[in-house]
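This report concerns only the one structure given below.
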Ligand code: FES
């Protein structure tokens, strides 16, 4: 009797080992395909849109822009000192979506502390720190537009680092 029980335990362990082994082998063959699919879903072809020229900007005076399309309002800023994600000769030009990541209210720029502020539920975002949320209900930082400056001083937006409010994909 004791002997038969040990045989049963041994058979169960053998079967479990086989299942784990088979699952592991299947995972090993399936995983690269899944990773490839995830990568292809995450890849977005952003347009390269000219926003302005460096000569059009004054320190701490926001310029209304839109990117990657007219339905996505944003702001272009020259902050006067090098900042995270800043481009141009002074590393101080940045651009952000102005749609609050909480519920999409349009935000306004406060030149005194260089923040974007939401009139909806008072979320605040630091433009000198890559759009980091510093107060409020939102659960993500502000989408920052990735910029490039060419040798003529033209400023182009060419990507977005967070999901723009209300979208399933930044590029529709
Ligand atoms: Fe901006 Fe709620 S919509 S904090």
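Every number in this text was worked out from the coordinates using simple rules, so none of it is lab data. Worth saying up front: this structure is predicted, and the values here are computed from it rather than measured. Cβ atoms come from the backbone with ideal geometry, glycine included; neighbour counts cover every protein chain shown.
Here the gap between residue 64 and residue 105, fully extended at 0.36 nm per residue and compared with their Cα-Cα distance, gives a gain of 13.2 nm. Per-peptide packing, taken as the mean over residues of other Cβ atoms within 10 Å, places 95-107, 117-129, 77-89 in the sequence 95-107, 117-129, 77-89 from highest down. Here the simple spin-label model places points 7 Å from the Cα toward Cβ, and for residue 48 and residue 121 these points are separated by 4.0 nm.
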